[in-house]
Structures are given as C-alpha cells and as structure tokens.
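The structure appears right after this line, and notes come after that.
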Amino acid sequence: MPPAKELTVPYIPTRRFCTLIQQTARDFCVLSVFAILLSSLAFGAEKSTAPQLIALAKSNSAALRDAITNTFDAKDLKSGAAWAGRGHDFFFATEAASKPALFIDDTAGPQMQQLAGSELWFATASIEQLGKLHQFHYVIDGANFGGNLNVPAFTPDSYPQSGAPEGKLSEKLIHTSKIYDGMTSEYWIYVPAQYDPKTPAALMVFQDGGGYIDRNGNNPTLNVIDNLIAQEKIPVMIAVFINPGDISASPNTPTFNFVKGYGDRWKRTLKDSMRSTLYDTVSDRYPRFLRDEILAEVAAKYNLRKDAYSHAITGLSSGGICSFNAAWQTPDQFGRVISWIGSFEGIQWKEDPANPDGGQDYPDKILREPKRNIRAWLQDGSEDLDLHFGNWPFANLRMANALKFREYDYHFSFGKGTHNSGHGAAEFPDEMAWLWRDYDLAKTSQEFAADPGEKSKPPYRVAIVNRSSE
C-alpha cells in the first residue's frame, strides 16, 4: 500500500481565522471543497467502500486511482474479478490495454471509463434485484474476459438499521473436549438486545462460526439477526458461532491418530483434517459434542429453550452436511437446518471401518430410513465442485428430490454460483424468515409438513449445457 499523501495546512492566526469565518459564501465553498479533498485523500489511504468509490467517480476526484488500487488486490484487477457493492450500488474496476465492455447477468452494463494515463477502467452500476446472487464479466476485443459468478446483492436486512438494537458478541471462548480427546474449540456467543434471562430464548448454531461474526464481512449474519428479531420475523435467539477444533495439543490420543492418518492419506493439514473429521463424518459424535459440551456450557450462562422446535443449525460446505447430520442424528435437539453448498459427498466414507455411511448416502437415508421432523433449506450452484469425492450440484439435487419424495418441509435454492458463500449470504434474511416462519412461543413442537404448493411441482431434472449429448 503506498503511503498516504502528506497534506500541509498553513498556520492562520486566531484573529485572521475569525475574519475568514465571516467571509463570503465564495470562501465558504472553498473551505467545503477543502473538506471534500481531505476526505478523498483519506479514502485513498485505505480500502474504500462501494459508496465511497462511487462518490469519488462521480466527482471526478484525483483520489480515485489510489482508492481503486488500495481497495482491490492487484491480481483481481489484472484478472477482471474486482468489484464492490452495497445494496443496489456497485463499482467495477479492471486493468486492460483496450476498452472492456461490462456485462452484468449477461446483459450489457454501463460504459467503462478509463483513468487518464493508466490501463485502469471503472464503471458504476445499479443492480435492481436484491437478496440474490449476480454475476458479471467483460468482453475485450470480442473475447470474454474475467468476471465473477459470486456477486451478492444484499437487502437492507443485511446492514445495520435504525430501530434494530444491536446485540452483544462475547469474547472468543475456548473449550477443551472430552468426546474428542482434548481437542480445543473456539466459539462465540451472541446475545440479542431483547434477551430477557427470565424468558427462555431460541438457539441457533453456526459451524465455521468465525466466518459469520464480522458485520461488514461477506456473511453479515449479526445484522440479519438484529433486524429480523426487531421485525419479529424470527424469535429472540442466542446464537453460537463455533470454529472447527484443534487436536494438535493432544498427540497420541485416538482422535489425534485418526486425524493424523486421514491427513497423511489425503495430503491434508492436521487442522483441515480435524474439520473434516468433525463435519463430514456421518455419526452422532459431533451432535453429542454440541449437546453435551458446548451447548451445556452456553445453557449454564443463558436461559435456553430445550425443545428441537426452537433450535436451528447451519453451516456451509462440510459445515452444511454437518448441520443436516446433527438434525438427522439428534432430531430431539435440532428441528431447523440451513445448508449452503453442502458437501453431501463421500469425504469421510469408510475412513472408520466401523462406520458404514458416508455423506453421499444421505439421499438414500432420507428415502429409506424413518422420517425425521426436520425443516431444511438447501442452497447450491451449478458451478459448485466436481472432485474425486463427488459432484456437489448433483448431490444437492439428489438431496432435494429425496426430501421432496418423502414430503419433508424443505426449500431448494439453486443458482449459478461456485463453491462460495455469496448465494447463501445474499438470501440469508429470506432463509431465516422461511426457517422460522409460523414460530409460536407458546409451542414446544410442531409437525413440519411439506408446503402444499410443493406437492404439485415435478422433481428436479438435469440438462447438459456445456457439451453435446452425443
């Protein structure tokens, strides 16, 4: 990052300054321009938001160039993947030797403008449809260039709103597990402003929790919780954000040896292998860890509802299958699930000879095993992963069709995104409102049933779009 430009302000004696204050409107305007320039220079010294970049572009500020290079990674500018957005307002920038044409959702966008004396091009744009995932790319000299398939347009519910009091996030807490032989786990507890210790609160657990606690990040979950509680679209709830555990301080334990062996076999790090062991394993071990260790600690501090009707769980990728597995294995603990880009694949299949099931078996388990009382929202994209473990879009489609066939209360949101949180985060306010719809504080249970409109819809089918069928 280049150093901020130094701005020298001459000394003005007090008497003369007072005279300046009383001068004409023309002089006041000069001072206003000075303030704008100072603000612009501040923008250039650090990363800028989309509204800041747009303001600099509209004012033809000389600070725009520094703001662009400070905000976006050089590789994203060179590859045509740089963008910033807030609500409807978006800013796009790229490097190119000749003028690029911007396309948003495959429709021609605004004209790109060039920064004088550079190969930097930029455009400001408005995207009308909020709460959805969008995409963009460029065309340069007749050829497609760059772009991004994971551009969320957040609704106002994903930003802090006046009238929605903020809750409080705890400091990072550390737990040492007995079920996982000394594994240590980081977690945070979020308590909404409306929480009353005299009234039991609902509960929601987030896997990979550290990725959800930044209000200005890619998953502004805390804002959504505040806003929807204030709107009474979801109940007052305690949220637990838990990261995957760390087994490195417990060598030679059964858990360490298993995780180390798995990592060596698949060339994965110890930390990544611990996450997979926790999240991808189809068993009741991780749900018991949540119930008997983490949530027991939380319940010792806060007054929680004890019914599965009032408990939800969510995660993405391996955290997605982990969340569904927790509800499946312990339906008396969790009745509501959100899964983003869920890894319903054979990642931990037969790693433990005593455990015959893998994540790829869940569609068949849904079809053939006793029905659980679960309400589930699944999300995936057509450009999700296709690896030696399996095909993520196909697996999620199979999950949706199995849930449909057994008349579960489910929703399947399928788009064009990759293995990325953008789609799920964009629609998170809608997901939460759907998941907690018709919640009644007076109840402790409800038989979840398929939406009547879903019964008349056909199952999901597949069309080949990237090659001929011959």
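Some values worked out for this structure:
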{"quantity": "Residue match in the range 241-252 (condition: part of a strand (DSSP E or B), open to solvent by 30 Å² or more (accessible area, probe 1.4 Å) and either at pLDDT 95 or above or basic (Lys, Arg) (or both))", "calculated": "yes"}
{"quantity": "Some residue of the range 154-167 being touching a Leu at 6+ places or on another chain (Cβ under 6 Å) and at pLDDT 95 or above", "calculated": "yes"}
{"quantity": "Subset of the range 143-180 (residues that are aliphatic (A, V, I, L, M), farther than 19 Å from Asn218 by Cβ and in a strand (DSSP E or B))", "calculated": "Ala143, Leu173, Ile174"}
{"quantity": "Search result, residues across the range 51-68 that are surrounded by 19 or more Cβ atoms within 10 Å (Cβ to Cβ) and part of a helix (DSSP H, G or I)", "calculated": "Gln52, Leu53, Ile54, Ala55, Leu56, Ala57, Leu64, Asp66, Ala67, Ile68"}
{"quantity": "Restricting the range 69-98 to residues that are over 27 Å from Ala425 (Cβ atoms) and touching a strand residue (DSSP E or B) at 6+ places or on another chain (Cβ under 7 Å), the residue that is least open to solvent (accessible area, probe 1.4 Å)", "calculated": "Ala96"}
{"quantity": "Residue in the range 441-463 that is of a type in the set (Lys, Arg), open to solvent by less than 80 Å² (accessible area, probe 1.4 Å) and in a loop (DSSP other than H, G, I, E, B) present", "calculated": "no"}
{"quantity": "Helices (runs of 4 or more DSSP H) (entirely within the range 268-323) containing at least 2 residues that are more than 18 Å from Ile341 (Cβ to Cβ) and among the aromatic types (Phe, Trp, Tyr)", "calculated": "285-289"}
{"quantity": "Complete set of residues in the range 387-399 that are of a type in the set (S, T, N, Q) and assigned to a strand (DSSP E or B)", "calculated": "Asn391"}
{"quantity": "Hey, Gly315 of a type in the set (Gly, Ala, Ser), more than 21 Å from Leu169 (Cβ to Cβ) and open to solvent by less than 10 Å² (accessible area, probe 1.4 Å) or not", "calculated": "no"}
{"quantity": "Any hit, the range 184-201, residues being more than 22 Å from the chain's Cα centre (by Cα), within 24 Å of Leu278 (Cα to Cα) and in a strand (DSSP E or B)", "calculated": "yes"}
{"quantity": "Residue that is crowded, with 18+ Cβ neighbours inside 10 Å, outside any loop (DSSP other than H, G, I, E, B) and of a type in the set (Asp, Glu), where the choices are Asp364, Asp380, Asp384", "calculated": "Asp380"}
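The values are calculated or read from the model by the stated rules, or taken from the named source; none is laboratory data. Remember, predicted model here, so these are calculated numbers, not experimental data. Here Cβ is always computed from backbone atoms with ideal geometry, including for glycine, and neighbour counts include all displayed protein chains. Side chains included, ligands, DNA and RNA excluded: accessible areas come from the protein's heavy atoms. Shrake-Rupley method; radii C 1.70, N 1.55, O 1.52, S 1.80 Å.
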